[in-house]
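Have a look at the structure below, then the notes.
All of the numbers you see were taken from the coordinates with simple rules; none came from a lab. Only a predicted model underlies this, so the values are computations on that prediction, with no experimental measurement involved. Cβ placement follows ideal geometry from the backbone for every residue including glycine, while neighbour counts extend to all protein chains displayed.
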Amino acid sequence: MKDLILQVVRFTSKLTVFYLFLFLFGSFLFYFMIKPAYTSIVNQQTFSVDAVAKAKYTPDEAVVSTGSVKEGSDITVLKKDADNDMEGATAALLEMGIPQEKISSNLSIEPKYDKDYLNIVGYKANSTLTVKTNDFTQIDGILEIVLANNFNRISGVYFTFEDPVAIRESLRAEAIETAKAKAATIASESGLRLGKLLNVTEGGYYPMNNYRVNSYAEDAMLQSEPAQSQSYNPGQTEMEMTVYLVYEVL
């Protein structure tokens, strides 16, 4: 019994020493490492500055968006007709000089039901054909080809940029340089001492010119001769990039 009591006392003493060591180590860690770091973060003063870069760019790519709808009772025949229109339009576009990678198409077929939505009474094929070109003089020719191949739903023609990433990067670089110069000027005029750059964020918008030509399809289908060539002017699009810089204040 006496030995058991001694063992319990020894174990309790060791456990007490362990917890005491753990407490002292935790206190040291908190007061000398965690607390100073936390206080530094909380009390850290920062200075923010923003800048905007703007420039006008002329779109270099036109996108022609077209489609067609066919209906029928035989899904096999319907799909074959839609495929023939797509193949005919694609072949003519390739012959015209449009690269394959600038032609995209899609075909979906859905059932048609009776008024009670119980029985299938037919099918509807929806075809879409989108064509891109860097030569705006090809737009009229593209429209004539798609109309000749039963793509009589012209969603529109709009102008965009083939490489918008390059524009964004150029504006970002300009905005950052402007923001840095602005921060340096403000610091010099106010006596503020700036430390290292802590953060950079960006924002901006990407407007797009849009030229609708829905009436072109309607007029062309009523004429025996192709519609007269139209003039497409994409104009210029103003692009804007805003950046925000956050500096440490010493």
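Taking 23 Å as the limit for the C-alpha separation, the pairs Lys80/Lys115; Lys70/Lys115; Lys70/Lys102; Lys102/Lys124; Lys79/Lys132; Lys112/Lys132 exceed it in the case of Lys80/Lys115; Lys70/Lys102; Lys102/Lys124; Lys79/Lys132; Lys112/Lys132. Charge tally around Glu174: other residues with Cβ under 15 Å, Lys/Arg +1 each, Asp/Glu -1 each, net 0.
Along the stretch 188-201 the Karplus relation, 6.51 cos²θ - 1.76 cosθ + 1.60 evaluated at θ = phi - 60°, assigns HN-Hα couplings of 5, 6, 9, x, 6, 9, 8, x, 6, 6, 9, 7, 9, 10 Hz to successive residues, with x for each Gly and Pro.
Calculate one ³J(HN,Hα) per residue across the stretch 157-162 by plugging θ = phi - 60° into the Karplus curve 6.51 cos²θ - 1.76 cosθ + 1.60, and present them in order as whole Hz with x for glycine and proline. Going residue by residue, I get 10, 9, 10, 8, 10, 5 Hz, with x marking Gly and Pro.
Taking N as the residue count of the stretch 61-160, its C-alpha radius of gyration divided by 2.2 N^0.38 Å amounts to 1.21. For Glu240, the residues whose amide H sits under 5 Å from its own are Tyr205, ignoring neighbours fewer than 5 places away on the same chain, with H placed 1.01 Å from N.
Arrange Leu93, Leu197 by Cβ neighbour counts within 10 Å, fewest through most, would you?
So the residues, fewest neighbours to most, are Leu197, Leu93.
Percent of C-alpha pairs per 5 Å bin in the stretch 123-206, short distances first: 2, 9, 14, 12, 9, 8, 8, 7, 7, 6, 6, 5, 3, 2, 0, 0.
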